[in-house]
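S.K.: I have a structure I would like to understand better, so I am pasting it below and will then ask my questions one at a time.
The values are calculated or read from the model by the stated rules, or taken from the named source; none is laboratory data. Predicted model, so just to flag it, every value in this text is computed and none were measured. Counting neighbours? That spans all protein chains shown, and the Cβs are built from the backbone with ideal geometry, glycine included. Accessible surface is based on the protein model in full, side chains and every heavy atom, while ligands, DNA and RNA are left aside. Shrake-Rupley method; radii C 1.70, N 1.55, O 1.52, S 1.80 Å.
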Amino acid sequence: MKNKQFAVIGIGRFGQSLVEELTRLGYEVMAIDIDEEKINDTVEIATHAVQADSMDEDALKALGIRNFDVVIVAIGNNIQSNILTTIILKELGVKKVVAKAQNALHGKVLEKIGADVVIYPERDMAIKLARSLVSNNFLEQINLSPTYSVIELFTPVTFINKSLVEIGLRKKMGVTVLAIRRDDNVIVAPGPDEKLYKGDIIIALGSNEDLQIISDLD
Ligand code: ATP
């Protein structure tokens, strides 16, 4: 068992997938839900599955919630439960609370009351899907700031068999290639003479505008 311990509160579709994946990755996970049925469904997967109301401070204390490295509030529709649970967790001294927000206002409230990380899974998934549907090469994006990102994309056809300097990626397009993935190999920090071939996956850093241009190329 790896030594980071997680607790997931609210075992809906999102919470359940999270419990499954953390367990698969070899971590100890406690699943908590008010609904006994949800707990029965998780008993086989989670390290511990406990029926409890997360708005009950004493119940959370009794579970030793403070000792978990990360607690994820995955309660969705019930915004009141989600917010109160987050407050209680922070008051009990949980180091890292990750809370799932339903919308921007809810997210703001969660930040104000001390959630360490606020996530918007539905919104983020929709944004990612939309981008991958409209762009030719886009695969994945990590936001570094509101204006800069690292993206993963297929090599556009117009770049094939050309070196980075020939394409002018940095000088003309404002994009820095951090790595190239070719079959099972990764070329890290490629030099200007490195060529791109069909099927290469590029990991590139730049402004969102510049990155959008290269991910939309044919
Ligand atoms: P998903 O989209 O992940 O399925 P959802 O929006 O449908 O989520 P909800 O049904 O609102 O999510 O909540 C997820 C789970 O959180 C449910 O299983 C529900 O029983 C549980 N839950 C709600 N309130 C509490 C609470 N106070 N304490 C513990 N669990 C709770």
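S.K.: Normalised radius of gyration for the chain, please: alpha carbon Rg relative to 2.2 N^0.38 Å, two decimal places. List each step's numbers first, then the result.
M.R.: Working: Rg = 21.7 Å, N = 218, 2.2 N^0.38 = 17.0 Å.
The value comes to 1.28.
S.K.: Let me ask something additional. Within the range 124-215, what whole-number % of the accessible surface is contributed by carbon and sulfur, with the 1.4 Å probe and all protein chains included in the calculation? Let's see the in-between values first.
M.R.: Details: 3250 of 5580 Å².
Exposed carbon and sulfur together represent 58 percent of the surface.
S.K.: Can you run phi through the Karplus equation (6.51, -1.76, 1.60; θ = phi - 60°) for the range 44-55 and list ³J(HN,Hα) in whole Hz, with x for Gly and Pro?
M.R.: Values, residue by residue: 6, 8, 6, 5, 9, 10, 10, 8, 7, 8, 6, 8 Hz.
S.K.: Where nothing but the Cβ of Lys and Arg (+1) and of Asp and Glu (-1) is charged, how large is the charge dipole of the range 5-119 around its Cα centre, in debye to the nearest 20? Write down the numbers at each step before the final one.
M.R.: Numbers: 11 positive and 17 negative charges, 116 e Å.
That gives the range 5-119 a dipole magnitude of about 560 debye.
S.K.: Computing the accessible area with a 1.4 Å probe over protein heavy atoms, can you report the carbon and sulfur percentage for the range 5-119? Please list the in-between numbers first.
M.R.: On the way: 2810 of 5780 Å².
It is 49 percent, rounded to a whole number.
S.K.: Here is a follow-up. If you put +1 on each Lys and Arg Cβ and -1 on each Asp and Glu Cβ, how big is the dipole of the chain around its Cα centre, in Debye rounded to 20? Mind showing how you got there, number by number?
M.R.: Values: 24 positive and 31 negative charges, 164 e Å.
Once rounded to the nearest 20, the dipole reads 780 debye.
S.K.: Taking only protein heavy atoms into account and a 1.4 Å probe, give the accessible area per residue of the chain in Å². It would help to have the intermediate numbers written out before the result.
M.R.: Details: 12390 Å² over 218 residues.
Averaged over the residues of the chain, the accessible area is 57 Å².
S.K.: Kindly provide the trypsin sites (Lys or Arg not before Pro) of the range 53-99 that DSSP labels as loop, not H, G, I, E or B, and whose Cβ sees at most 15 other Cβ atoms within 10 Å.
M.R.: 95
S.K.: Suppose each label sits 7 Å from its Cα in the direction of the beta carbon; what would the residue 48-residue 144 distance come out to in nanometres?
M.R.: It is 4.2 nm.
S.K.: A follow-up question, please. Can you classify the range 1-96 as rounded, prolate or oblate using the Cα gyration tensor, where a ≥ b ≥ c are the square roots of its eigenvalues, rounded means a/c under 1.5, and otherwise it's prolate if a/b beats b/c and oblate if not? Each step should come with its number before you reach the end.
M.R.: On the way: a/c = 1.63, a/b = 1.18, b/c = 1.38.
Verdict is oblate for the range 1-96.
S.K.: Picking from 88, 16, 34, whose Cα lies most toward the positive end of the charge dipole for the range 5-119 (charges on Cβ: Lys, Arg +1; Asp, Glu -1)?
M.R.: Farthest towards the positive pole: 88.
S.K.: Using a 10 angstrom cutoff on alpha carbons, build the Gaussian network for the chain and name the most mobile of 38, 172, 108.
M.R.: 172
S.K.: Right, another one. Just how far, in whole angstrom, is the range 195-214 from the range 66-117 if you go by their alpha carbon centroids?
M.R.: Using only Cα atoms, the two centres lie 36 Å from each other.
S.K.: So what's the back-of-envelope 222 nm ellipticity for the chain, counting only DSSP H runs of four-plus at -39500 (n - 2.57) apiece and dividing by all residues, rounded to 500? Intermediate results must be reported in sequence, preceding the final value.
M.R.: On the way: 8 runs with 73 residues, N = 218.
Helix contribution divided over all residues of the chain: -9500 deg cm²/dmol.
S.K.: I've got another one for you. Let me make sure I get this right: for the range 171-218, a, b and c are the square roots of the gyration tensor eigenvalues over alpha carbons, sorted descending. Under 1.5 in a/c it's rounded, otherwise prolate if a/b > b/c, else oblate. Which is it? Numbers along the way, then the final one.
M.R.: Numbers: a/c = 1.95, a/b = 1.52, b/c = 1.28.
Prolate, because a/c is 1.5 or more and a/b exceeds b/c.
S.K.: To the nearest 20 Debye, how big is the dipole of the range 124-215 about its Cα centre, given +1 on the beta carbon of each Lys and Arg and -1 on that of each Asp and Glu? Walk me through the numbers before you get to the answer.
M.R.: Numbers: 10 positive and 11 negative charges, 42 e Å.
So the magnitude is around 200 debye.
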